[in-house]
1. Quick check on the range 119-134. Is at least one of its residues without any contact (Cβ under 8 Å) to a residue 40 or more places away in the chain, crowded, with 17+ Cβ neighbours inside 10 Å and farther than 26 Å from Thr89 by Cα?
2. What tally of residues in the range 135-148 results from selecting those that are open to solvent by 40 Å² or more (accessible area, probe 1.4 Å) and either closer than 20 Å to Asn78 by Cα or at pLDDT 90 or above (or both)?
3. Please work out if Ile49 is under 11 Å from the mean Cα position of the chain (by Cα), at pLDDT 90 or above and not charged (D, E, K, R).
4. Kindly provide the set of residues from the range 78-100 that are over 14 Å from Val146 (Cβ atoms), of a type in the set (Ser, Thr, Tyr) and open to solvent by 20 Å² or more (accessible area, probe 1.4 Å), ordered by number.
5. Please indicate, with yes or no, whether at least one residue in the range 56-76 is among the polar types (S, T, N, Q), part of a strand (DSSP E or B) and closer than 19 Å to Ser120 by Cα.
6. Counting only residues that are of a type in the set (A, V, I, L, M) and touching a strand residue (DSSP E or B) at 6+ places or on another chain (Cβ under 9 Å), which one in the range 105-123 is nearest to Leu165 (Cα to Cα)?
Amino acid sequence: NSSNSTTVGNTLNMNSNQVKNITQVTSTGTITGILSGYSPAVTISNNTIDNITRSGAGTFYAINYSGATTSSFTFNLNTISNLSITSTTSTSAFYGFYSGSAPQTETWTNNTIDGLTSSSTASNSVIGIYSITATTGNKTCQNNIVKNISLPASGTGTAYGIRILYLGATNLFS
């Protein structure tokens, strides 16, 4: 159900892919649309992640970057839409885009994330763009559209459009 790639010492380009119309019916486990591994330079561009539903608990990533901290990462012109968790008890996180490896240079431009929906009334987070960035380096996040992120009104979860932690020295956000 996902695209996964790891290259050590090379450039990794994951472009123009479509991951869509998937239903995962399990009680636990992780679901990932595109998983990018270790490479000095990664570009994920012009991909479509659409219409993915999971019924159980477990972390949900539309796109997950898990590369090295010394690399550069570019996330450009991607569309993530119509993703949902139907479990009413899930406490797992739900990400449109996740970067948890803190590369030195990160760029997110001209992406659209539209329609991340959780039915959980438990304490889960729904996040459009999430990055735990390095404390040094350059970060650019601009011209992205993040909309229609939702949780039930009766729930205790948290919704974030864009959540960037530990910013570096040079950062541009618009």
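1. There is at least one residue in the range 119-134 that is without any contact (Cβ under 8 Å) to a residue 40 or more places away in the chain, crowded, with 17+ Cβ neighbours inside 10 Å and farther than 26 Å from Thr89 by Cα.
2. Residues flagged as open to solvent by 40 Å² or more (accessible area, probe 1.4 Å) and either closer than 20 Å to Asn78 by Cα or at pLDDT 90 or above (or both) within the range 135-148 amount to 6.
3. In short, yes.
4. Selection gives Ser84, Thr86, Thr88, Thr89, Thr91, Ser92.
5. no
6. At the first step, the residues of the range 105-123 found to be of a type in the set (A, V, I, L, M) are 113, 116, 122.
Now narrow it down to the ones that are touching a strand residue (DSSP E or B) at 6+ places or on another chain (Cβ under 9 Å): 113, 116.
On the way: Ile113: 19, Leu116: 21 Å.
The residue in question is Ile113.
The values are calculated or read from the model by the stated rules, or taken from the named source; none is laboratory data. Treat the numbers as computed from the prediction; the structure is a model and nothing was measured. FYI the Cβ positions are ideal-geometry reconstructions off the backbone, even for glycines, and counts take in every protein chain you see. The protein model used for the area step is the full one, side chains on, heavy atoms only, and it has no ligands, DNA or RNA in it. Shrake-Rupley method; radii C 1.70, N 1.55, O 1.52, S 1.80 Å.
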